[in-house]
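For reference, the structure discussed in these notes is given below.
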Amino acid sequence: MTSRTQNLALTIAWIAIAAVLTVQGLAYYRIPIPERVYSPLHDTYGPAGLVGQGLGVIGTALMVVGVFMYAARKRLRWLRRAGSLAAWLRVHIFLCTLGPYLVLLHTTFKFGGIVSIAFWSMALVVLSGVFGRYVYAWIPKTVQGRFLERSDLIERRLELVQEIRAMRGRASSAGALEPALALEPALAGASGAAPALLQSLRYDLVRLSGERRAHARLVEQGVPSDTARRLVALTREERRLGIQIAVLEPLRAMFRYWHAFHLPLAVLMFAILGIHIAVAVLFGYTWIF
């Protein structure tokens with residue numbers, strides 16, 4: 001299964017599961033909070049109800065599995081041949097975003113006391129993970145997950161430049177690609193974390209529309225569609241490599257600091273969730289134990 005196929009499958013699964021569970025409890029979630037306890041749906045969808053509490057348990061289990069399976073994949077040698085690290089990361093993100101959403105449904109969008117502390121710590125972990133995933137995606141890696149060095153990127157970029165020049169020589173109108181994309185990277189290197197992030201964000205925001213314009217212009221000028229598509233793809237990779245070379249060091253430093261922040265935050269989140277579960281069990285708010 002390719003990375004794009006896996007991403008699509010996990011995205012569809014996430015949306016489908018979240019949509020079904022949300023729609024099932026929507027009638028209860030729309031009841032004003034003070035009136036919910038009088039609803040016949042409360043024993044099913046309330047935080048201590050059959051479905052409501054079950055969502056909390058399953059959501060927490062998904063997060064635990066997501067965290068520990070990814071940590072195990074990175075640290076245990078015998079798991080290194082069980083798929084690429086990137087594939088495990090995608091599953092980790094799937095579980096550790098779906099799990100919090102199920103916990104959110106468990107709270108029925110009502111926060112107070114230790115529940116609010118547990119929820120907002122979980123929200124911080126999720127937001128931190130989304131940010132870290134974006135930074136991680138911009139740092140070039142091997143299939144095994146090892147970060148590439150600047151020299152590796154420069155070598156690959158030179159290979160792409162030669163291939164693009166050769167294709168442009170066969171398609172005389174391919175010069176239209178330059179003004180259409182207008183994504184010249186600043187190869188001198190970003191001076192800090194904030195400029196590096198802005199440079200990568202700018203590329204992501206304008207890339208897709210620029211590629212569409214480039215493809216359309218090339219086809220209009222007589223370049224075969226397959227050749228135009230290949231030229232655009234090569235130019236995309238070459239431009240992205242150029243920006244990665246520029247932002248490599250700031251983003252690698254940022255990722256190290258992020259990792260030092262994200263892991264303790266996740267530990268704190270699980271500790272607070274553990275306290276919440278212990279309180280629920282001790283005071284009889286659960287039907288499970």
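Readers should treat all values here as calculations from the given coordinates under stated rules, not as data from a laboratory. In this text the structure is predicted, and so the values were computed from the model without any measurement. Cβ placement follows ideal geometry from the backbone for every residue including glycine, while neighbour counts extend to all protein chains displayed.
Quick notes
- Taken along the Cα-to-beta-carbon direction at a fixed 7 Å, the label points for LEU8 and PHE68 span 3.4 nm.
- Crossing angle, helix 150-170 versus the chain [Cα axis fit, 0-90 degrees, rounded to tens]: 50
- From most to least packed by mean Cβ count within 10 Å, the peptides 24-30, 42-48 give 42-48, 24-30.
- Axis angle, to the nearest 10 degrees, between helix 3-29 and the longest C-alpha principal axis of the chain: 30 degrees.
- Efficiency of FRET from Cβ geometry, GLU237 and ARG202, R₀ 22 Å, rounded to 0.05: 0.80
- Cα Rg, Dmax, the chain, angstrom units: 24.1, 77
- Two-site FRET efficiency, ILE33 against VAL130, from Cβ-Cβ distance with R₀ of 30 Å, rounded to 0.05: 0.60
- A Förster distance of 41 Å, applied to the separation of the beta-carbon atoms of VAL20 and ARG230, puts the FRET efficiency at 0.50.
- The shape of the stretch 41-157 comes out prolate: with a ≥ b ≥ c from the C-alpha gyration tensor, a/c is at least 1.5 and a/b beats b/c.
- Helical mean residue ellipticity (222 nm; -39500 (n - 2.57) per DSSP H run of 4+; nearest 500) of the chain: -26500 deg cm²/dmol
- Note on ALA137 and ARG165: the model spin-label points, each 7 Å out from Cα along the C-beta direction, lie 3.2 nm apart.
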